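Novice: I'd like to ask some things about the structure below.
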Amino acid sequence: MAPGPRPYVLRIVKVAKKWEPRRRKLIINITFKVLPALTDRTVAVAEAFGMGVDREQVFPVYKSFCLELGLDDVIYITGPSGSGKSVLLHALKDALGPLAADMADVEVRHGVPIIDTIGKDVEEAIRLLTAVGLSDAITWLRTYDELSDGQKYRYRLAKLLEGGSRVWVCDEFCSTLDRDTAKVVAFNIQRLARKLKRGLIVATAHSDLFNDLRPSIYIVKGLGPDVSIHYYPNKPSGECSIAREITFCLASSDQERSEALRLVERWHYRGRRPPFKHVFVAKRGNRVVGAVLLSPPYVSCWGRSLLFKRVPGLRELNRWLYTASRVVLHPMYRGIGLGSRLLRAALMASDRPYVELVAVMARYNPFAEKAGMVKVGVKGPDPRLEEAVKALMALGLDDHLMASERYNMQFLSSLPEGGIRAVKEALSKLRNLGLFRSMPALRSMGYPSVGAWEEAVKRASLRELARLLATLASIRARKVYLIWRDPRLAPGRCPLDELLRPKWRELLLGGGLGHEQGEGPRS
């Protein structure tokens, strides 16, 4: 449907021929013209107040308003409702033409998980969604309609990123969001715009977003033709205003630990809590909004053979190393740099000089490296696991859906008895402690024997097999192994230092690390 005539007269004088390389100067005149319809009541009002109803009324909204802007400016238009903010925003959008993309025009697919609605493949989809703070697997599997209002804003922003437009336009910006979420979204969108050299134009009646948007052009529109404009250096906001209210500490009470563990179970994609030694938390006031679990080291871990010349024994590992088994933030606080700050604070509070992290998310988001960890390697395909998956795929399994227990139950239920035996045979050949411990019958054994594993698989129910296949999908996923070594501890003061391969010894102990020579190892 073609748009109807505007209820106002717009005249823009363009003083420049090109947007680049120089800024462009616009002189804007906008007036509303009103001729009321003739009704008994309008005539009665006109007679009572001495007003004419036959003459067109002219109301100036912008009168020779001069604005100088570039394609990478962040423009914040604010003022009371009805003052003309949206009129100016759409006038600028028209002046920009095809260079601008309106968030309101983003096409949304309903009823489909958002991971399937963006990006040319799953890798690009995850990168786009992670860039706007939608960085957990639980959210990726939801449809657009199942997202919160704040998550919908972030998703639309991800779609704008995908489109590649030079200037993003957002009317009624964050108007329906609670103010905390609005500040997080504002910080996130300006940070991305400046990082990618994009322009941003937002209009809203809310005036509380200045510190998080850090506009280069700030326009305050009053009623009538009143308007003021302020220019600032086009520099990003260094820190979200919400982040300034966050503190970090070791959980010091049962209540803090319980709240942190509930957060882990609610928002980590694997749900369950692993064994842990320490709980480190991010707090806003008295509320826990993030948590890191420092756990006893895994019995075995593929990344250690890349890091050490000789893999340390369990006694050495339990003395000198932790595993950061969970790093979780409440979804509202993602995308503003808190993940790396939380992990960094937890590392510096550790009472062991080495902390390792194995994470899928580190492939897409360098939060751990920003926290000071060193990326050692990415786990490649395990031939034995791939051989088992290939045998399962021959039976009809879709390995892309294997992480879902629900899908696995559907697959297993469709198999004849011979097919179930073939699934059990393929699984029983595997030798992986993570798989062993996923079987309820083996969890109490510590280190189950191969015979016990084979017997447990043989007796497994369909539900147990479905869970086992989901565990196999998780173990098979490509993960990043990262390590942190306490820079406050002098080189050579920890026995694990001598076991490092030369490359990692140089990275972890060289370059001025360990300058406090008098400090000895800590227990």
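The values are calculated or read from the model by the stated rules, or taken from the named source; none is laboratory data. In this text, all values refer to a predicted model and were calculated from it rather than measured experimentally. Don't worry about glycine lacking a Cβ; one is built from the backbone with ideal geometry, like all the others, and counts go over all protein chains shown.
Novice: Which of (1) surrounded by fewer than 23 Cβ atoms within 10 Å (Cβ to Cβ); (2) under 21 Å from residue 203 (Cβ atoms); (3) out of contact with any strand residue (DSSP E or B) (no Cβ under 6 Å at 6 or more places or on another chain) does residue 140 not meet, given it meets every other one?
Specialist: Among (1) surrounded by fewer than 23 Cβ atoms within 10 Å (Cβ to Cβ); (2) under 21 Å from residue 203 (Cβ atoms); (3) out of contact with any strand residue (DSSP E or B) (no Cβ under 6 Å at 6 or more places or on another chain), the lone unmet condition for residue 140 is (2).
Novice: Within the stretch 219-229, count every residue that is assigned to a strand (DSSP E or B), in contact (Cβ under 8 Å) with a residue 40 or more places away in the chain and either in contact with a Cys (Cβ under 9 Å, 6 or more places away or on another chain) or surrounded by fewer than 19 Cβ atoms within 10 Å (Cβ to Cβ) (or both).
Specialist: Of the residues in the stretch 219-229, 2 are assigned to a strand (DSSP E or B), in contact (Cβ under 8 Å) with a residue 40 or more places away in the chain and either in contact with a Cys (Cβ under 9 Å, 6 or more places away or on another chain) or surrounded by fewer than 19 Cβ atoms within 10 Å (Cβ to Cβ) (or both).
Novice: In this structure, is residue 175 surrounded by fewer than 18 Cβ atoms within 10 Å (Cβ to Cβ), assigned by TED's automatic domain parsing to the domain that holds residue 197 and modelled with pLDDT of 90 or more?
Specialist: Taking the combined requirement at face value, the residue does not satisfy it.
Novice: Any residue that is polar (S, T, N, Q), assigned to a loop (DSSP other than H, G, I, E, B) and at negative phi - is there at least one of those in the stretch 189-211?
Specialist: Yes, the stretch 189-211 contains at least one residue that is polar (S, T, N, Q), assigned to a loop (DSSP other than H, G, I, E, B) and at negative phi.
Novice: Filter the stretch 363-387 down to residues that are over 22 Å from the mean Cα position of the chain (by Cα) and in a helix (DSSP H, G or I), then give me how many there are.
Specialist: Residues flagged as over 22 Å from the mean Cα position of the chain (by Cα) and in a helix (DSSP H, G or I) within the stretch 363-387 amount to 5.
Novice: Among 52, 79, 70, which is the only one that is touching a helix residue (DSSP H, G or I) at 6+ places or on another chain (Cβ under 7 Å), modelled with pLDDT of 90 or more and small (Gly, Ala, Ser)?
Specialist: One residue alone meets the criteria, 79.
Novice: Suppose the filter is surrounded by fewer than 19 Cβ atoms within 10 Å (Cβ to Cβ), assigned by TED's automatic domain parsing to the domain that holds residue 305 and either out of contact with any strand residue (DSSP E or B) (no Cβ under 6 Å at 6 or more places or on another chain) or of a type in the set (Gly, Ala, Ser) (or both); does residue 498 pass it?
Specialist: yes
Novice: Moving on. Quick check: is even one residue across the stretch 277-299 crowded, with 17+ Cβ neighbours inside 10 Å, closer than 26 Å to residue 471 by Cα, at pLDDT below 95 and not acidic (Asp, Glu)?
Specialist: Yes, the conditions are met somewhere in the stretch 277-299.
For (1) among the β-branched types (Val, Ile, Thr); (2) outside any helix (DSSP H, G or I); (3) over 20 Å from residue 437 (Cα atoms), each residue gets a yes or a no:
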{"site": "288", "(1), (2), (3)": "yes, yes, yes"}
{"site": "292", "(1), (2), (3)": "yes, yes, yes"}
{"site": "299", "(1), (2), (3)": "yes, yes, no"}
{"site": "302", "(1), (2), (3)": "no, yes, no"}
{"site": "310", "(1), (2), (3)": "no, yes, yes"}
{"site": "316", "(1), (2), (3)": "no, no, yes"}
{"site": "319", "(1), (2), (3)": "no, no, yes"}
{"site": "323", "(1), (2), (3)": "yes, yes, no"}
{"site": "326", "(1), (2), (3)": "no, yes, no"}
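Novice: Can you tell me which condition residue 236 does not meet? The list is (1) assigned by TED's automatic domain parsing to the domain that holds residue 117; (2) modelled with pLDDT under 95, and all the others hold.
Specialist: (1)
Novice: Only one residue in 112, 185 is within 25 Å of residue 330 (Cα to Cα) and within 14 Å of the chain's Cα centre (by Cα), so which one is that?
Specialist: Going through 112, 185 in turn, just one is within 25 Å of residue 330 (Cα to Cα) and within 14 Å of the chain's Cα centre (by Cα): 185.
Novice: Residue under question is residue 326, and the condition is that it be under 22 Å from residue 129 (Cβ atoms), among the basic types (Lys, Arg) and in contact (Cβ under 8 Å) with a residue 60 or more places away in the chain; does it hold?
Specialist: So residue 326 passes the test.
Novice: Pull out all pairs, ordered by first then second residue, where Cβ-Cβ is under 6 Å, the residues are six or more apart or on different chains, the first lies in the stretch 234-259 and is closer than 29 Å to residue 208 by Cα, and the second is exposed (fewer than 13 other Cβ atoms within 10 Å of the Cβ).
Specialist: No pair meets every condition.
Novice: Next question, about the same structure. Working only within the stretch 22-44, note down all residues that are more than 25 Å from residue 87 (Cα to Cα), at pLDDT 85 or above and among the β-branched types (Val, Ile, Thr).
Specialist: Within the stretch 22-44, 39 is the sole residue that qualifies.
Novice: Test each condition in (1) over 22 Å from the mean Cα position of the chain (by Cα); (2) loosely packed, with under 15 Cβ neighbours inside 10 Å; (3) closer than 30 Å to residue 281 by Cα for residue 256 and report the one that comes out false.
Specialist: Every condition holds for residue 256 apart from (2).
Novice: Could you please find all residues in the stretch 333-362 being assigned to a helix (DSSP H, G or I), modelled with pLDDT under 95 and surrounded by fewer than 18 Cβ atoms within 10 Å (Cβ to Cβ)?
Specialist: none
Novice: Taking the condition touching a Ser or Thr at 6+ places or on another chain (Cβ under 7 Å), more than 26 Å from residue 473 (Cα to Cα) and in contact (Cβ under 8 Å) with a residue 24 or more places away in the chain, does residue 345 pass?
Specialist: So residue 345 fails the test.
Novice: Within the stretch 388-402, restricting attention to residues that are under 34 Å from the mean Cα position of the chain (by Cα) and part of a helix (DSSP H, G or I), which residue is surrounded by the fewest Cβ atoms within 10 Å (Cβ to Cβ)?
Specialist: Residue satisfying both the conditions and the ranking: 400.
Novice: If you don't mind, there's one more thing I want to ask. Sort out which residues of the stretch 137-180 are under 20 Å from residue 75 (Cα atoms) and in contact (Cβ under 8 Å) with a residue 60 or more places away in the chain, and write them in order of number.
Specialist: Scanning the stretch 137-180 gives 154, 165, 166, 167, 168, 169, 170, 171, 172.
Novice: Checking residue 410 against (1) out of contact with any Asp or Glu (no Cβ under 8 Å at 6 or more places or on another chain); (2) touching a residue at least 24 places away in the same chain (Cβ under 8 Å), which test does it fail?
Specialist: The failed condition is (2).
Novice: Filter the stretch 42-55 down to residues that are closer than 22 Å to residue 224 by Cα and exposed (fewer than 10 other Cβ atoms within 10 Å of the Cβ) and give me whichever is farthest from the chain's Cα centre (by Cα).
Specialist: 50
Novice: Oh, and also: From the list 392, 338, which one is in contact with a helix residue (DSSP H, G or I) (Cβ under 7 Å, 6 or more places away or on another chain) and closer than 27 Å to residue 427 by Cβ?
Specialist: Going through 392, 338 in turn, the sole match is 392.
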